Amino acid sequence: TQSNQSCSSHNITFKNSLYATTYTLIFIPGLLANSAALWVLCRFISKKNKAVIFMINLAMADLAHVLSLPLRIYYYINSTWPFGRFLCLLCFYLKYLNMYASICFLTCISIQRYFFLYQPFKAKDWKRRYDVAISAVVWLFVGIDSKVATVLMTGTAELFGFIGPLIIILFCTWKTKDSLRGFQIPLQNSSERRKALRMVSMCAIVFCVCFAPYHINFFFYMLVKENVITDCFLSTITLYAQPFCLSLASLDCCLDPILYFFMTSEFQDQISRHSSMVIRSRLMSKESASSI
């Protein structure tokens, strides 16, 4: 009916303001945190550290998205795009690239920590090149999938990009938590198990907070757009929720660095060491300046 059609074609007037505000708040923390994370992970963290290769790739995906935010902020503030078609498509592409690369690498981190916890002897023989090869496959898959997403979001992308990883991450979290109550894992102390649990739990939290709302709402969003859902109330809720869910999806750029800091003891040590060096150098410069 005409009322249903007018109901489902709401003009979400607050959308541009919401995106501009969200991306502005994300940009500086995301840029600083992911730049620092890449610097520490690449330069100081042992490459044999569990999941460090996946963390590096995750930080790269976040940084690529963060660097595109100023152009998007300009557009949402001024409602005009003077940067050309190529940059427009690139920004749109990077948004989905970040989303699905983050989902895949969070899944890889969860699987690896779960696998190493239950197979500690295989963990000792695990080579860095295996993680590099897995990361290359992920980038290839995500790159093609994100290119498709810029044109048309499909049910296949929804299945393999969300439902599959969700099941895997929740399974790894459950089994890792279950290991704390059992004795079936050989030669593993409780400290190592708790570290693994913190890691996979943080992956699950980031996944559920940032990506679950978007994909769940997107399912209903497509039904509204295809006029499968004609109920006015449900259509309105779905359309109004979409900008908030999309904003949450970009929040992972700020949450992922928390994963590196709190879940990797080497990362904490390097941050603390370099922070103390900066503070010490500043104090020494102040003392020398005051003595002049």
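Worth pointing out:
- Members of region 97-142 that are of a type in the set (Ser, Thr, Tyr) and either touching a residue at least 12 places away in the same chain (Cβ under 8 Å) or surrounded by 21 or more Cβ atoms within 10 Å (Cβ to Cβ) (or both): 100, 102, 107, 110, 114, 118, 135
- Residue within region 82-102 that is at pLDDT 90 or above, more than 21 Å from residue 177 (Cα to Cα) and not in a helix (DSSP H, G or I) present: yes
- Scanning region 211-254 for residues that are among the hydrophobic types (A, V, I, L, M, F, W, C) and in contact with a Cys (Cβ under 7 Å, 6 or more places away or on another chain) returns 232, 248, 249, 251.
- Those helices (runs of 4 or more DSSP H) of region 167-254 in which 2 or more residues are at pLDDT 85 or above, more than 20 Å from residue 51 (Cβ to Cβ) and aromatic (Phe, Trp, Tyr) occupy 212-225, 232-250.
- Boolean, residue 130 is in a helix (DSSP H, G or I) and touching a Ser or Thr at 6+ places or on another chain (Cβ under 6 Å): no
The values are calculated or read from the model by the stated rules, or taken from the named source; none is laboratory data. Keep in mind the model is a prediction, meaning the values are calculated, not measured. Don't worry about glycine lacking a Cβ; one is built from the backbone with ideal geometry, like all the others, and counts go over all protein chains shown.
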